[in-house]
Every structure is written in structure tokens, then in C-alpha cells.
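The values are calculated or read from the model by the stated rules, or taken from the named source; none is laboratory data. Quick caveat: nothing in here was measured; it's all calculated off a predicted structure. Virtual Cβ from ideal backbone geometry, glycine too; neighbours counted across all protein chains shown. Areas reflect the complete protein model, heavy atoms only, side chains present, ligands, DNA and RNA absent. Shrake-Rupley method; radii C 1.70, N 1.55, O 1.52, S 1.80 Å.
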Amino acid sequence: MRLNPCVSVCTLLYHLGFVLVGLRRRTPDGPSYFSTAVFSAYLLTVVWLVAFILTIAVLALHGHSPYYQVAWLRQQGLHVNVHTQRVQVFLTLYETIMMGALGLKGHAIVHHEGPDPHDWRYAEQVKVDVESVRGMT
């Protein structure tokens, strides 16, 4: 039950990091980091799947244990109830599916357009030498 917040922070850092990398201008010889984004999405999918399996296992196997009951969690200062536990299970499954879909979509883009898609990051603009073009005419 305590794995989900840690994985949520990692997922948030993943999204923020790749948004920031995607917004930076890229030099033509610089790396694109697109394959790193796809690999990281697959890795987070596996971690979210493990978190989902552990969440279900804890609720199924230890649901009657006093250590895992909502009343005990409230005594520890956590603001939980049965509905927040159900929402946690649903959101863990949702995030597993979303990260998996993100990884699969990125993998399909790599197969279709190659490891460096043209619209992944803005490329540096090459200045056109207008004078040399005028001299050709």
C-alpha cells in the first residue's frame, strides 16, 4: 500500500522530465532521447504492474489482519476509508494501463518513423544564406 505513492512520484518526474526535454531545442548532432522515453515508459509499466499486484495481494491476503484494516491506518494518522482504498486499486490499474499504452505508442512510432521522429523535439533552425542564393540567379 505504501509503494503506490513512491511510484506516483517517479511517474510525475518521468512526465515532467520528458516534457522539459521535449521543449528544449535540439542541435542536429545531439541525442533525441526518444528511445529513453519509450524504455522508461516500459519500465514504469512493470513497476506499476508490480504495485497493482501487491495492492491486490495485500487486500486479499491480509484484509482481515488488524495491521491492514482501515481503522488501524486511521490510528496511524492516515486519512483513509474503504473508498480511498478502492480508489487506490482503481488508479493503480489505470496508471498501469496508461503507462503501457504510452510505451506501446512510442514503440510503434519508433518502428514507423525510426528512433528519431521528426516532430519529437524542435530542431535548431539553420540560417539560410540569402546572398549566395541571389548570386546563383
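Surface composition of the stretch 1-52: carbon plus sulfur atoms hold 77% of the accessible area, using a 1.4 angstrom probe and ignoring ligands, DNA and RNA.
Put simply, when 93-103, 9-19 are sorted by average Cβ atoms within 10 angstrom per residue, most first, you get 93-103, 9-19. Zone of residue 36 (label point 7 Å along Cα→Cβ, backbone N under 18 Å): which residues in the stretch 86-104? Under cut-off, by backbone N: 103. For the stretch 30-44, the residues whose amide N sits under 16 Å from a probe point set 7 Å from the Cα of residue 107 along the beta carbon direction are 35-44.
Using θ = phi - 60° in the Karplus curve 6.51 cos²θ - 1.76 cosθ + 1.60, the 3J(HN,Hα) couplings for the stretch 96-101 round to 4, 5, 5, 5, x, 5 Hz; x is entered for Gly and Pro.
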